[in-house]
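Q: Before I ask anything, here is the structure I am working with.
Derivation of every value follows stated rules applied to the coordinates shown; laboratory data play no part. A quick note: this is a predicted structure, and the numbers were derived from the prediction, not measured. We place every Cβ from the backbone using ideal geometry, glycine too, and count neighbours over all the protein chains shown.
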Amino acid sequence: MDERKSYDYVIVGAGSAGCAVAGRLSEDPEVSVALVEAGPPADGDLFDLPARFARQLKSFYDWDFQSEPEPQLGGRRAYLPRGRVVGGTSSMNTMLYVRGNRVDYDRWPALGAPGWAYEDVLADFKRSEDNRTFEDEFHGSGGPLTVSDCRNVDPLLEAWVDAAVEAGHQRNADFNGAEQEGVGIFQVTQRDGRRCSSSRAFLDPRRPNLELIHSALALGLVFEGDRCVGIEVDRVGERRTIRCERELVLSAGAYQSPHLLLLSGIGPADQLRAAGIAVRVDLPGVGENLMDHAGSFLALPAKEGYEHDPDASDWTEVGGFLPSAPGLEAPDLQFHAAIGLNLDEGLGPSTRAGVSFGPYVGRPDSRGWVRLRTSEPYAKPRIAHNFLAAEADRAKLRSGLRLALEIARRPALAERLADPAEALRSGLVPADESDAALDQFIRRTAFAFYHPSGTCAIGSVVDPDLRLRGVENVRVADASVIPELMTGNTNAPAIMIGERAALEMR
Ligand SMILES: Cc1cc2nc3c(=O)[nH]c(=O)nc-3n(C[C@H](O)[C@H](O)[C@H](O)COP(=O)(O)OP(=O)(O)OC[C@H]3O[C@@H](n4cnc5c(N)ncnc54)[C@H](O)[C@@H]3O)c2cc1C
């Protein structure tokens, strides 16, 4: 890294969105781009081989955040993994390619995000995409992000789909097509059976005008007057400023983009003063509106004799989208089904073969926050999700668990499972279907689905072009700008947001 050098654009965070921003901006050979990332490069099978993802959890490559005690999770602290590596969480995730429902995006304009309705964002999704299966109005081909079918679907998971169909749900071959509702096999961001992270997709190491500055922790934005002139970083113990001429883009994710703003004096004035930080911009929305999907899995041991090859699996290859009540405009529950007994959020060793599956609440009403723990930039932020604080979310999750129990009873799956009484004795399923038993099961087992978003929302913290309010030349582009969480996983949406940011900046 040349310290005297200044770049046209500096992007902070080489994750799902940041790589898309940097990759797209550097397509213009006339501009110089620096992409700053706290983690190291994502080299090797740990990142490339889909089945290895779980080994990253709680490793050096994981920021390993945890929430404040969560009242509706029985006071447990939720484990909140995030990739600290080039590619960010797209180098760690389970690679499901899901965009969310049309109805979700169509709600955004009324929340202060005109230009972000489904028909608008569809073009951004398609621009990234190289779909190896679908060629129609909903999909793109020739883009940098490879989207393909799962190569190996475990027979037990195929049986889960059959059982869901037996329970009356429709089969859906494409959750990102005309209709989201139904059950089936997810598509994945994989190229020839290997992970296609956002860094693989968008970063071309041969581009002379794109400099990846990895292993550099951003500490705060640097200002001269009202203008942001760069970012201060700590690179292996040395502090320095990486300067930008035109714009700085924060793509540090939904926990750390607001954290960096707060550390830089941009956020709710009372919080900043209390932390002893001079107020640069009083922006009350920074760190508020935190959303994620909370859900619960049943865990059901398979019959003796069933064998599973863990190295062949993507873990959660099937699932679907179902409404929590009849007559809804769109599904509000997402189901995942995964191989193995999901104990301790999948962190514990799965000593028994089996299947784990269940719902999460798609468009949650519950909201949390990200705040400063101290004004020390090396400290992790305080995070409270308030999972399932809204009774409406708990009611949806109870409905979803009832649907899950119904699927478990259907012959296609039930005939492959061990005695259900055993799962009941082990506490791997709810004691019965009463509200009280389901609530008790939820408090004991519910966990985060790792889709934090909303903490720098469009309409409150950034404008519809993703410009930070009150500062001339800073944008935010990552899952933090999502104003209301969609029913779906968040990698593809974060990449879409990165695409859109680059388009606005060019
Ligand atoms: C285990 C797991 C499985 C998941 N599975 C799926 C899935 O199957 N499908 C799906 O769609 N989504 C999935 N997700 C969620 C999805 O991957 C994320 O929501 C998405 O990657 C978020 O993108 P982002 O750009 O907002 O942030 P990130 O990709 O997290 O990028 C933020 C980047 O900023 C860097 N950074 C942060 N702070 C600093 C700093 N101070 N200085 C320098 N760099 C910094 C981070 O290291 C990181 O590289 C999963 C998540 C997890 C944890």
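Q: Out of the GluC sites (Glu not before Pro) in the range 410-506, which ones are loop residues according to DSSP with at most 13 other C-beta atoms within 10 Å? Display every interim value, and only then the final one.
A: Working: sites: GLU415, GLU422, GLU433, GLU472, GLU484, GLU499, GLU504; in loops: GLU415, GLU433, GLU472, GLU484.
In loop regions of the range 410-506 (DSSP not H, G, I, E or B), the sparsely surrounded GluC sites (Glu not before Pro) are GLU415, GLU433, GLU472.
Q: Express the relative contact order of the chain as a whole percentage, based on alpha carbon pairs under 8 Å and six or more residues apart in sequence.
A: It comes to 23 percent, rounded to a whole number.
Q: Hey, what did the range 344-470 get for relative contact order, percent, Cα under 8 Å, at least 6 apart? Kindly include the intermediate steps, with their values, before the conclusion.
A: Details: 86 pairs, mean separation 23.2, N = 127.
Normalised by residue count, the contact order of the range 344-470 is 18 percent.
Q: Report the Cα-based extents of the range 447-506 along its three principal axes, largest first, to the nearest Å.
A: Projected onto its principal axes, the Cα set of the range 447-506 covers 39, 21, 13 Å.
Q: Here's something else I'd like to know. Please go through the range 227-311 and write out the GluC sites (Glu not before Pro) that DSSP classes as loop and that have at most 15 other C-beta atoms within 10 Å.
A: Numbers: sites: GLU232, GLU238, GLU245, GLU247, GLU288, GLU304, GLU307; in loops: GLU288, GLU304, GLU307.
Qualifying residues, ordered by number: GLU304, GLU307.
Q: Can you return the aspartates and glutamates within cross-link range of LYS396? Criterion is Cα-Cα under 12 Å, with same-chain partners fewer than 8 residues away left out.
A: Hits, sequence-local ones excluded: ASP332, ASP365, ASP435, ASP439.
Q: Once you put a point 7 Å from the Cα of GLU307 and another 7 Å from the Cα of ARG240, both along the Cβ direction, what distance in nm separates them?
A: Distance between label points: 5.5 nm.
Q: May I pose another question? Applying the Karplus parametrisation 6.51 cos²θ - 1.76 cosθ + 1.60 with θ = phi - 60° to the phi angles of the range 415-427, what ³J(HN,Hα) value in whole Hz is obtained for each residue in order, glycine and proline being reported as x?
A: 5, 9, 9, 5, 3, x, 4, 5, 4, 5, 4, 7, x
Q: Any chance you could run the full-extension gain for ARG227 through ASP270? It's 0.36 nm times the residue separation minus the Cα-Cα distance, nm to one decimal.
A: Working: separation 43, 0.36 × 43 = 15.48 nm, distance 2.31 nm.
Working it through step by step, the gained length comes to 13.2 nm.
Q: How much length is gained on full extension from ASP28 to LEU347, taking 0.36 nm per residue of separation minus their Cα-Cα distance?
A: Numbers: separation 319, 0.36 × 319 = 114.84 nm, distance 4.31 nm.
Using 0.36 nm per residue and subtracting the Cα-Cα distance, I get 110.5 nm.
Q: Using all Cα-Cα distances in the range 61-137, what percent lands in each 10 angstrom bin from 0 up to the longest?
A: Using 10 Å bins, I get a P(r) of 15, 26, 33, 23, 3 for the range 61-137.
Q: Here is a further query. Report the full-extension gain for the segment GLU415 to ASP192: residue separation times 0.36 nm, less the Cα-Cα distance, to one decimal in nm.
A: Values: separation 223, 0.36 × 223 = 80.28 nm, distance 3.38 nm.
Extending this stretch completely gives an extra 76.9 nm.
Q: When a/c reaches 1.5 or more, the comparison of a/b and b/c decides; with that in mind, is the range 1-124 rounded, prolate or oblate per its Cα gyration tensor? Could the numbers behind the result be given before it?
A: Numbers: a/c = 1.75, a/b = 1.08, b/c = 1.62.
Judged from the Cα gyration tensor, the range 1-124 comes out oblate (a/c at least 1.5, b/c at or above a/b).
Q: Could you let me know the centre-to-centre spacing of the range 421-490 and the range 93-121, using Cα atoms, in angstrom?
A: Cα centres, the range 421-490 to the range 93-121: 15 Å.
Q: Separate question: The range 344-390 to the range 249-318: how many Å between their Cα centroids?
A: Result: 7 Å between the Cα centres.
Q: In the range 115-220, what trypsin sites (Lys or Arg not before Pro) fall in a loop by DSSP, with at most 11 other Cβ atoms inside 10 Å?
A: Numbers: sites: LYS126, ARG127, ARG132, ARG151, ARG171, ARG191, ARG194, ARG195, ARG200, ARG206; in loops: ARG132, ARG151, ARG206.
Passing sites in the range 115-220 are ARG206.
Q: What whole-number distance in Å separates the alpha-carbon centres of the range 216-246 and the range 174-199?
A: 37 Å
Q: LYS380: which lysines have alpha carbons under 23 Å from its alpha carbon, excluding same-chain residues fewer than 8 sequence positions away?
A: LYS58
Q: Pop a pseudo-label 7 angstrom from the Cα along the beta-carbon direction at both ARG171 and THR133 and give the gap in nm to one decimal.
A: Here the answer is 1.2 nm between the modelled labels.
Q: Sort the range 264-406 into rounded, prolate or oblate with this rule: let a ≥ b ≥ c be the square roots of the eigenvalues of the Cα gyration tensor; rounded if a/c is under 1.5, and if a/c is not under 1.5, prolate when a/b is larger than b/c, oblate otherwise. Provide the component values of the computation, followed by the final result.
A: Details: a/c = 3.52, a/b = 1.81, b/c = 1.95.
Cα axes put the range 264-406 in the oblate bin.
Q: Taking only C-alpha pairs under 8 Å that are 6+ residues apart, what is the relative contact order of the range 428-501 in percent?
A: Rounded, it is 25 percent for the range 428-501.
Q: Same structure again: Does the chain come out rounded, prolate or oblate, given a ≥ b ≥ c as the square roots of the eigenvalues of its C-alpha gyration tensor, rounded meaning a/c under 1.5 and, failing that, prolate meaning a/b above b/c?
A: On the way: a/c = 1.78, a/b = 1.56, b/c = 1.15.
It is prolate, given that a/c is not under 1.5 and a/b is the larger ratio.
Q: When a footprinting reagent is the concern and you count Cβ atoms within 10 Å, what order do LEU322, LEU212, LEU219 take, fewest first?
A: Fewest-to-most Cβ neighbours within 10 Å comes out as LEU219, LEU212, LEU322.
Q: When every alpha-carbon pair in the range 396-506 is counted, what percent end up more than 22 Å apart?
A: On the way: 3296 of 6105 pairs.
Pairs farther apart than 22 Å: 54 percent.
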